[in-house]
Each structure stands twice: as structure tokens, then as C-alpha cells.
Amino acid sequence: MYEVIERRMIVPNHHELTVRAPAVAASIRPGQFVIVRPDEMGERIPLSVADWDAKAGTVTSIFMQVGASTAKLARLKPGRKIPTYAGPLGKATPIEKVGTALCVGGCYGIGSIHPVARALKAAGNKVYTFIEARSSYLVYWEEKLGRVSDGVFVVTRDGTAGRKGHIDKMPAMMEEAGVKPDLVIVNGCTFLLMRTSELTKPLGWKTIVNMNPIMIDGTGMCGVCRLSVGGKMKFACVDGPDFDGHEIDWAEFLARRKSYSPEEIDPLRRSSSATHF
Amino acid sequence: MNDEKPAKKTLDLKRRPMPKQDHLERRKNFEEVAFGYPPDTAVEEARRCLDCKKPFCRDGCPVGIDIPGFIRAIVARDFAAGIRKLKETNALPAICGRVCPQEEQCEKLCVIGKKGEPVSIGRLERFLADWEAASGKLEMPEMAPKTGKKVAVVGAGPAGLTVANDLLVLGHEVTIFEALHDCGGVLTYGIPEFRLPNTIVGREVEYVRRLGAKIHLDFIVGTTRTVDQLLEEYDALFVGSGAGLPWFMEIPGENLNGVYSANEYLTRVNLMKGFRFPEYDTPIKQPSKVAVVGGGNVAMDSARTAVRLGADEVHLVYRRGRHELPAREEEVENAEEEGVIFNLLTLPIRLIGDEHGWLKEMECLEMALGEPDDSGRRRPMPIEGSNFLMPTDAVVIAIGNSPNPLIPMTTPGLEISRKGGIVTDEATAKTTKARVWAGGDIVRGAATVISAMGDARIAAASIHKYLTGQE
């Protein structure tokens, strides 16, 4: 069993979860993920990792509450024990000296891009971070990201923080700032991964996306996380989760990502914590 | 054949039937299909054994169980002696008695089988194991004095549990590392409740734990700690990390929604208890028309699972004929009784979806059988122009899988075969890396529980020799 050290709502619908898992904390690297089960009846869900402390033996994730299992995670209180916190899983994001790196994050990815930016900075790169959110109240860790980047750019749909607009504004903002990335790395919701890849393709900016398909075991056994990359079948849990964003069949991925949406949401309507009218 | 003892008693050519759940009833539940022999039936069945001077049956057993020995004990109604005899060579009798392909192994070589039906060796094995569990008195084996040597075992499936069992009895310290949240490997995530209840797997795991095994769950060897890191702490290491990436057919449409690998389908249902959704959180779709592609035990398990999940029509689609089905005969019969429709000599060539990315039909070809191929089975040949469409909401692909890639990917110095398995020496189960042994699906790809246990037994003997300086 793994002890929950902290669980708090960091911005609406997004939670920061810190768990004591010393073996994971000792071995995890940027871009990898863990598999978490909130209780004995719970689903195994993959969570990207946003930070860790090898000395204290703790690991932190940011997750968005979507369905039944994330709702359970969102109710955890410090001191509670969860039965599964396994990892690290997946290949680490390759950290090399490339020159200038642009780290793009949205939703939970604002958190999970953080260790990537930190490692790229430590490897001697110039690192810029780009955050996308619907509104200022959904932006978090701006300062924390600032500490590991040479500059942070923010864009919000309603313009209440940073520039008004969405990820489409990114290329223009980079041009204004004179930033020419040698590598773009994107973490976050599927739409952000796809849209960023579409924007960078004509610019010829190499783009790595950290994919987030449905998973069960996460160890290379069940095959549910498969996706088409460059026309070949790949498995996100062992071949990824990082892939070249310009090579992915996004339409197929979006459809697969949604295959259990009704089942994910349905139990919420009947759970005891739901409001009954 | 010359030393075959002539049968003195009259040959009893018919095996005793094993009572099972009514087929209409069992379509609706996940409870075990077969109830097992009551004691009197077991004794009657055991009496059919000729107690051959040269027991061929034993040669057919990958772990070399003293089959006439335990059957003799049943005839004498000394069930305690029987289970003791069985456990000398087999740590998991309740499991082997249920899932071993006996008709290909021990029972295939049974002398009575030449004239009538072979002795039901598997059912008798199961009887003894269940008798012991029901008696509540679990007899522990005699343990060798502690050697102080430490062995790490990767994977708590049939191979890992067997290695652990053998080495513990020999006095070594054993720690098992399991990546999933439950022990048993394929026995737990793959084989359905109705064929092998998880409580039975749990019982066998508990036995290995009582022998002294330490078990770390949710521990992914390769990433949580690497094999090299574990070798700093342990004197020897056994890799039984099992099955990996499922094979697909490499035909268009395999990434459509509604297309499952058998591993995904069975894991959702068995390990994650998807059949009890929403009580359990892991969902499983309940489509009305399901097609399972393949003809092995995993395909039968998937088809019968789909029946139980309430599908109106479940098809088994296999490119060869009834005679070539690799599944156990008993499970093929069970599937037929339960209403699975067999589409034999049929090969899927394309999966077709709707505009939202959901599967709606499958294009197939009819096949004919040609000359035998390398595998000795008649080669399936497509009949040109025989294309037809089969409407289906779900396809489960059960055509096999590769060895799990995690350890091969993270362990330098291990020789890996072209198919992704760890290369081992057949006589010792040694890998090309010092102090590392391997067995089961990680070496062979998809194989049987008993072959994994056979590998494990060889590995344990070799590890023991190494640890005690006998080599």
C-alpha cells in the first residue's frame, strides 16, 4: 500500500497528488508515467508524473478529474493508502543538448512538462515553456516552470492571463520573441498534442508528443494503447509514450481515446456521491 | 512396447464423466464449469489405471509427475499420500489438473487410450488438490536447512511460482517481484474464472508464501529496479516475466474501436473484474455480435467469456478446420455446448468501421486445406473470390503474443531471439548473462502453463547446483 502525502485541487478540476513510493521516486525520469489504482475495485489508470523527491521517496502527479476512477482519486485525503502505485513505466523522454527547446503544456501537462523542462535545462539547453489554458484560473505552476526555463509564455482563451487565444498563436508568439526551437515537446490533452503537431509540421520544427491512450497493465501486455505512427502499429506503454507528433494518425487516436467515454462517465451518474434530484 | 505388462484385469474402457454445470445455466455465470470428481468416482476412475510397469504417461509429463504413484494412492483411498506424491514434483496441482493439455501429454500416452479412453489423469490430479484444500489441512513439505543464498524471481506466474517453490524447499531465500497488483500471471489475468477460479490460484500463491517467499507486488523489474541492480543484492535471478505484446493480423482496420487483443479482453474481465462493472470500475463493452479470431485455448476462453457477458451471437473464426483447432478438446466441446458458433476455414482479411471509427463488419475469405506445412498441420489456402462480409460489433484477436519486452529492453548482456524471447540453454534454462536464468513465455512466446513450469523446474535445479557450488 502507498500512502497519500497530499491531494489538493490545484485549479478547478485538476488535482495535485503526492504519494510515498520510494522505489518509483528513486528511478523515475522525465516523460515516464505510473499506473495507479485508487482502491481495490478501481481501474488501473496511467498518470504522467510532474515531480518527485528521491530523498523523501515521494512522487507528484497532476491529474484532471474526468470519470469514475479519477473521481475516486480526487476524493483521496492525506494519510489514506492506495493499493497500486507502480512505475516508472514507458521510455523516458530523450534528454539531449539540442540548442533551444520549447516545452508546451496544457491541462495536466502543465505539470508533467515541468520535469522535462528541468532536465533539458540541466542538459545545457535554452528552454522556453509555453502554457495553454482556457482561462487564468486554470493556469498553475507558472513560477515553478519559470525557475527551470529561460522564459514562460502563457496563452488563455479569454485573455485573462498572457496572450488571448489558443495554441494556434504559438508560432507567431515565438517569432515575435525571436525563439527558434530545435525541439518542441508537448504534454497534455490529446487536442493540444495534435494541434501543436499540425502547427509545427509546416515550420519543420521537430515535435515530440507525450501520448496518453487508454491503458490497462501498462507493461506491454494488453495492447490497448496501440496507435499508428508512420503507418506502423506502436504501443505507447513500451515503444513510447513519446512519439514524433508529425507521424501520428490523429483521427484514429482520437477515436480510440474516446472508446470508453460513456462507461467512464456513466458510473458518476449513479454513484452515491452524485446529487439526486 | 515389449515391456508393456499384459493387462490382467478386464479393461474398463470408459472414463468416468465429471459432473458439470448445465450448459444453459453456465452461459449466464462465471462460476466454474466442471465440479470435479466426488471421492467414490475418483477411486473408480483410478481403478482403471493398469499401473504399467513402464509408465508411458509419465514420459508425457513435462514435469515428470509420478502418475502411477499418485493414482495408486487414490485406489488405496489414501488421498493424503496421493497429494504428497503429487507435490513432490508439482507445486500447482489444482491448476495443472484444470488447465494442462493432458490429451497431448500424459493421457495421450496412456496404454488404455489405445483401446478406449485414457485414464483421466488430469481430473484425478485436480481431485487430490481439491481434496486437500477442502480438508483444510495443508501439509507442508520437509524443508532443507537454510543456505543463506538469495534468489530474485521476476514474475509471480506459473514459472515464477514453481521456481520459488523448488528453491524454498531446497533452503534458499526467495523474493518474487510482480509487476501487476495480483499474483498468478496468466492464471489470474488470462484464464477465466469459469475454467480456473482465482481463489484456486490464490490458494497456490498462499502455499508458496507459506514456504517463505517474499512477494513484492506492483514492482516492475526493468524500470522500478533493473536486473543488474537486483543482481547486486541477489545471488541468482530467474526471469519468468511472461507474455508481452499481442500479435495482430496486420490487416486493415485493426485499430478500430471494438477490436481487442485477447490479452486486453481477458484482462479487463478477469484481472480487473469487468464483468462486475460498475461495481468494479473497469468497463468492458457488451456488444451483441462478437467474433473471436483464433483456435487455441485463449480463443476459446475469449469466446466463452463473450457468451457470459451476454452477447447474442459469438463466432469463433479459425482459418483451419475443426480437427486442427489447437485448443483442448474439452474446452472446444464446452464452447460448442455453450452456443459458440464455429466459423472454420475462414480467414479475416479486412475490418471495416463506421464514420466514427467503430467496427461494423469483417471481410473474410473461405479457406481450403492443402498439404501439411512445417508445423505438420495442413496448410490453409484461400479460395479465390470467396470473399464475404460478416457483420460484427467486436472482434477479439487471439492469435498469440510475443514475450514481454520490458526485461529484454532494459537488460544489457541478455541474448534475445528474433522473436523477442530470451535465449536460454535448454538443459539448464541459463541465459547468456551470468547468474540469470529464464523460462516460460518470456523464452517461448505463448505456450502452456505446464511448459512454463517444466522450464522452471529445470532452472531451479540448475540454480540450486550453482548456489551450492556443484558446478
Item to complete: Starting with the highest mean, order B:267-280, A:151-164 by the number of other Cβ atoms within 10 Å, averaged over the residues of each peptide.
Response: B:267-280, A:151-164
Worksheet item: Ignoring ligands, DNA and RNA, how much accessible area is buried between chains A and B, both sides summed, with a 1.4 Å probe, to the nearest 100 Å²?
Response: 3600 Å²
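Work out the mean other chain Cβ neighbour count within 10 Å for the residues of A:234-242 and drop it here as an integer.
2
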Fill in: Unit charges at the beta carbon, dipole of region B:326-471: most positive-side option, B:N404, B:I352, B:T431
B:T431
Discussion item. Need one number: nm distance between label points at A:E247 and B:D59, each 7 Å from Cα along Cα→Cβ, rounded to one decimal.
Written reply: 5.2 nm
Practice prompt. With r as the distance between the Cβ atoms of A:E40 and A:E143 and R0 = 35 Å, compute the FRET efficiency 1/(1 + (r/R0)^6) and round to 0.05.
Written response: 0.35
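Kyte-Doolittle mean at least 0.0 and Cα extent at least 20 Å along the axis: which DSSP H helices of chain B qualify?
Result, helices passing both filters: B:449-467.
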Worksheet entry | Computed over region A:76-164, Kirkwood Rh from alpha-carbon pairs, angstrom | 14.4 Å
Item to complete: Sum up the lysine pairs in region A:126-277 that clear both bars: alpha-carbon distance under 15 Å and a spacing of 8 or more or different chains.
Response: 5
Worksheet item: So how far apart, in nm, are the two label points at A:A56 and B:E384 if each is 7 Å from Cα heading toward Cβ?
Response: 7.2 nm
Discussion item. Cut-off 13 Å, label point 7 angstrom out along Cα-to-Cβ of B:A134: give me the residues of region B:7-49 whose amide nitrogen falls inside.
Written reply: B:19, B:35-43
Practice prompt. Round to the nearest 0.05 the FRET efficiency obtained for A:S136 and B:I352 when R0 = 30 Å and r is the Cβ-Cβ distance.
Written response: 0.05
Practice prompt. For region B:239-371, would you read off the P(r) tail past 23 Å as a percentage of all alpha carbon pairs?
Written response: 35 percent
Practice prompt. Can you work out the PRE-style zone for A:V98? Point 7 Å along Cα to Cβ, and I want the residues of region A:169-191 with backbone N under 16 Å.
Written response: A:171, A:179-188
Fill in: Diffusion coefficient, µm² s⁻¹, Stokes-Einstein with Kirkwood Rh over alpha-carbon pairs of chain B at 20 °C and 1.002 mPa s
91 µm²/s
Worksheet item: Where Rh denotes the Kirkwood radius from the mean inverse Cα pair distance, what is Rg over Rh for region B:129-215?
Response: 0.99
Worksheet item: What number, in percent, do you get for the relative contact order of chain B if the mean sequence gap of Cα pairs under 8 Å and at least 6 apart is divided by its residue count?
Response: 15 percent
Worksheet entry | From the C-alpha gyration tensor of the protein assembly as shown, square roots of 5λ in Å | 49, 30, 23
Worksheet item: What ranking do A:66-74, B:253-261 get when scored by the average of other Cβ atoms within 10 Å per residue, highest first?
Response: B:253-261, A:66-74
Worksheet item: Rg and Dmax of region B:389-432, Cα atoms, in Å?
Response: 16.7, 50
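Could you quote the convex hull projected area for region B:60-151, Cα atoms only and averaged over all directions, in nm²? Could you put the intermediate results ahead of the total?
Details: hull surface 29.1 nm².
Across all orientations, region B:60-151 yields a mean hull projection of 7.3 nm².
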Worksheet, complete the sentence: the protein assembly as shown accessible area per residue, 1.4 Å probe, protein heavy atoms, integer Å², reads 40 Å²
Worksheet item: When the helix-only estimate is applied to the protein assembly as shown (DSSP H runs of n ≥ 4, each -39,500 (n - 2.57), divided by the residue count), what is the mean residue ellipticity at 222 nm, nearest 500 deg cm²/dmol?
Response: -8000 deg cm²/dmol
Worksheet item: Which whole number gives the average count of other chain Cβ atoms within 10 Å of the Cβ atoms across peptide B:268-274?
Response: 3
Worksheet item: Roughly how many nanometres apart are two label points built 7 Å out from the Cα toward the Cβ at A:T160 and B:V423?
Response: 6.2 nm
Worksheet item: What are the extents of the Cα atoms of region B:35-84 along their three principal axes, listed from largest to smallest and rounded to whole Å?
Response: 28, 21, 20
Worksheet, complete the sentence: P(r) over all Cα-Cα pairs of region A:150-277, 10 Å bins from 0 to the longest distance, whole percent per bin, short to long, reads 11, 34, 27, 21, 6, 1
Discussion item. Just to be sure I follow: if Rg is taken over the C-alpha atoms of region A:14-112 and Rh is the Kirkwood radius over the same atoms, what is Rg/Rh?
Written reply: 0.98
Worksheet entry | Average partner coverage of B:217-227, which counts Cβ from other chains inside 10 Å | 6
Item to complete: Pop out the carbon and sulfur fraction of the accessible area of the protein assembly as shown as a percent, whole number, probe 1.4 Å.
Response: 51 percent
Practice prompt. Output ³J(HN,Hα) for region B:177-194: one whole-Hz value per residue in order, computed from phi by the Karplus curve 6.51 cos²θ - 1.76 cosθ + 1.60 with θ = phi - 60°, and x for Gly and Pro.
Written response: 10, 10, 6, 7, 8, 9, 7, x, x, 4, 5, 9, 7, x, 7, x, 3, 6
Worksheet item: Taking the highest mean first, how do the peptides B:199-212, B:14-27 order by number of other beta carbon atoms within 10 angstrom per residue?
Response: B:199-212, B:14-27
Worksheet, complete the sentence: Here Rg/Rh (Cα, Kirkwood) for region B:1-137 equals 0.97
Fill in: Rotationally averaged projected area of region B:107-176 (alpha carbon convex hull; nm²)
6.9 nm²
Fill in: 13 Å Cα-Cα reach of B:K419 towards aspartates and glutamates, excluding residues that sit fewer than 8 places from it in its own chain
B:D441
Worksheet entry | Gyration tensor (Cα) of chain A, equivalent ellipsoid semi-axes in angstrom | 28, 20, 20
Worksheet item: Under 11 Å from the 7 Å Cα→Cβ point of B:Q286, by amide nitrogen: which residues of region B:235-278?
Response: B:275-278
Worksheet item: Debye sum, Cα scatterers, region B:160-260, no solvent: what log₁₀ I/I(0) at q = 0.17 1/Å?
Response: -0.87
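The values are calculated or read from the model by the stated rules, or taken from the named source; none is laboratory data. Because the structure is predicted, anything quoted here is derived from the model rather than measured. Glycine gets a Cβ as well: all are built from the backbone with ideal geometry, and neighbour counts include every protein chain shown. These accessible areas exclude ligands, DNA and RNA; they are computed on the full protein's heavy atoms, side chains included. Shrake-Rupley method; radii C 1.70, N 1.55, O 1.52, S 1.80 Å.
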